[in-house]
Every structure is written in structure tokens, then in C-alpha cells.
1. When the dipole is taken about the Cα centre of segment A:49-175, and only Lys, Arg (+1) and Asp, Glu (-1) are charged at their Cβ, what size is it in debye, to the nearest 20?
2. In Å, the Kirkwood hydrodynamic radius of segment A:49-175 over pairs of distinct alpha carbons?
3. Please report the net charge: other residues with Cβ closer than 14 Å to the Cβ of residue A:95, K and R +1, D and E -1.
4. Could you tell me which helices of chain B pass both thresholds, a Cα extent of 24 Å or more along their own axis and a mean Kyte-Doolittle hydropathy of at least -0.5, with helices taken as whole DSSP H runs?
5. After finding the eigenvalues of the alpha carbon gyration tensor for chain B, what semi-axes result from the square roots of 5 times each, listed largest first in whole Å?
6. Any idea what the alpha-carbon Rg over 2.2 N^0.38 Å comes to for the protein assembly as shown?
7. Under unit Cβ charges (Lys, Arg +1; Asp, Glu -1), what dipole magnitude, rounded to 20 debye, does the protein assembly as shown have relative to its Cα centre?
Amino acid sequence: MRDLRYVLRIAGVLFLVCALMTGLLAVIHAKTADAIAANEQKKLEETVRLFFGEKASSKETDAFALTAEVSAVRLVSADGSNVGYAVSVTEKGFGGEISMLVGVSLDGKVRGVSLLSHSETPGLGARTGEEAFRSQFIGKSGKLTVGENIDAVSGATISSKAVTAGVNAALAAIRGEGA
Amino acid sequence: MTGTNERKKGLGSYLFTTLRDGLFTNSPTFVQLLGMCPTLATTTSVKNALGMGLAATAVLICSNFLISLLRKIIPNQVRIAAYIVIISGFVTAVDMLLAAFLPDLYEALGLFIPLIVVNCIILARAEAFASKNGPLASAWDGVCMGLGFTFALFCIASVREILGAGTFFGLRIFSEGYEPALMVITPPGAFITLGCVIAAVTAILAAVKARKKKKAAPKAERRERDA
């Protein structure tokens, strides 16, 4: 009997600690979930405006075949006419998944590339998120290759290749060639 | 009257001693050599280092406080498991709060927040201090150790960012012609920089200690002579 009480006491306290922390997290989650979703949406819209100008707004469209990499395509319009697409792409980088948004114009040229979230090495692979690397994609179309028409960030070839592969996947999706 | 005065003085010097311990003499990074993983990973830039240090400090204060409150309830056999649950709970809370209310900071730090769970400074303070002391003393211990961690990260990150990227806090401090020593930013560079900074801090601490001893010694001699 003493053993049972002993085991129950230990298990009970551990359960209480877990329940306490779960309760705390549930409360915080309920308070923050909307704000977090709103922040993500806001960031997406901000990125779209960065690609297509201040008046742009976007709406999800299912006119394109989605692949393992391409998770969503948004149709971007400004002043009532369509101006291009914003493609959400996830690509495997050096440190994990790189989630990015690629802006593509109606004629299939890159309007902009932005990394939404990634786990690349700070100071090396993370520099693929910097303007100097991202801006080389703008205006390009067709198949992009690191070393030919894209310069890699020095010391971060894998990350550079991953971002380039993501842009290629976005362009292929808009061309209608599901990878 | 004198009683309260003395207690006040006692509290003041207690607070000061703990802070000095956290920052220098018992620095979690330089002296205890704890939490090396986040130290190596986040010191590539000063901004990252400060963010990581302050986020870890927030978690450390909360976890120390709660663990100290629960210290008499948690059975010895499951204390580590209970501490881990509490620590990771607070880390997740910080993660969600930052994502919701400080999205810009979260963007820069989001990657490092989960790393706080495995920061052994937090578990070490829970085990060595919070489980044996009252909630307020534990919270203050969290403040001091957290600031010590932040200060240490700041020192290492300053060296690495200035040498490795030629910038400080994102601002360029060398002319364009400066070729950054890329190696300092890479993981091996992190180890080498850490070693050098620890060596420097140890040397300074030893020098300060030696000077104090020297100052104290002649006084004692004089007293003897006078007698």
C-alpha cells in the first residue's frame, strides 16, 4: 500500500505540474492566436505590396496545380486589373525548411523574392534573405541556376541553391508545369 | 531603528553581491561555462545576442520563481521532469507572446527561442538555487544570472560581428575596403572567439583579485607594526 501511495503521489504531482503549464499555455494561445494569424497575413500583404506596388492586393486562387513545394498561389490585382501572382513556396535549405514568397508577373518574370521564415545559419545562409542576393532574381524568367545566372552568397552555396530552386518551382507552377 | 537600517544595508549588499556574481565572478557563461550551445549559435550579431540574452532572462526569472514556489510540493524523484515541463512551458509562452505582440523582434529571434529550452543555465539555476531558496530571492537570482548571460553574449557577439562582418549593431564601422574575416562568423570561429574571450575575462578577474589581496596585505602589516 505504501508503494502505491508513493507512486501515486509522484505521478499526481507531475500531472499537476503538466496540467498547470498546459492551462497557462492554453490561455496564452487563446489570447495570441488571432494576433499571430493577423501578423502573418499582414506580412504576406506587405510583401505583396513590396513586389507589385502600394495599391496591390491579393486573393488566393486555385487556377494552378500545387506541388510538394508550391503550397499556394495568390492572384494579385491593383486598380481592378490583374498584375501578377504571389507564390508561396517551401524549399529544403541547409538548416531546415525555407518558406518564401515569390512574386511573378503575368508574363512569367520574377517580380520579387522574400524569405518569410527559415532556419539558415545566421551570418551565412541567412544572408540569402538580404536584398543583395534576392534582387538578382528580379526580371528573370526561365530556368535559373546558381553559378550561371545567379551568384551564390559566399560560404552559403546550399542555401543559395535552395532559394533558387524555390524560385524555379514558383516559375514552373505559373508556367503550368507542375514539377 | 538600527535593526531596520542594518537589514536594509544587508539587503542592498546582498542584491549587489548577487548581481556582481552573475555578471563577473560567477558568470554563467565565462565562469560556469553553461549554455554553450546558444552562446555559440547566437553570437554572430550583437542584435541577435541581446535578443537571445533578454528572452532567456525572461524565461529564467519566470521559471526560477515558479519552481521556487513549488519546491516543497515537487517530489525529489521527478524534480528534473517537472522543471523541464515548467521551463519549456514558459519558453513556448514567450514564443507565442513575441509572435503576437512584437512581430519584428520575433522575426529576428524566432529561430532561437526554442533553443532556450536546452539552455542548461536555466535548469542549473532551478536545481542549484530555486529549489533551495524563496521565490523572491530566486527571481532576483534569475535577473542576475540572466543579465550575466546577456552580458557575456554581448561581449562575444561584439568581437565576432566587428571582426567577421565589419559592423556593430548592423552599422558599418570599417570602410568598404575592409575584408571581413568570414571565419569568425562560422562555427569554428565561434569556438575560437569564445576561448579567447574567456581567457581575457579570467585574466582580468585574476588581476582584480590579486590587486585586492595586495591592497589588503600592507594594511595588515602596518597594523602589526603599529601594535
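1. Details: 13 positive and 13 negative charges, 35 e Å.
Taking the Cα centre of segment A:49-175 as origin, the dipole is about 160 debye.
2. Details: mean 1/r = 0.0692 Å⁻¹.
Its Kirkwood hydrodynamic radius stands at 14.4 Å.
3. Charge balance near residue A:95 sits at 0.
4. Details: long enough: B:2-20 (26 Å, -0.83); B:46-69 (34 Å, 1.53); B:79-101 (33 Å, 1.89); B:135-165 (42 Å, 1.26); B:187-226 (59 Å, -0.05).
Membrane-span-like by this rule: B:46-69, B:79-101, B:135-165, B:187-226.
5. So the three semi-axes of chain B are 33, 29, 15 Å.
6. Compactness ratio reported: 1.25.
7. Details: 41 positive and 32 negative charges, 497 e Å.
Charge dipole of the protein assembly as shown: 2380 debye, to the nearest 20.
Read-outs throughout are calculated quantities, based only on the coordinates presented, and are distinct from any laboratory measurement. None of these values were measured; they are calculated from a predicted model. In this analysis, Cβ positions are derived from the backbone assuming ideal geometry, glycine residues included, and neighbour counts consider all displayed protein chains.
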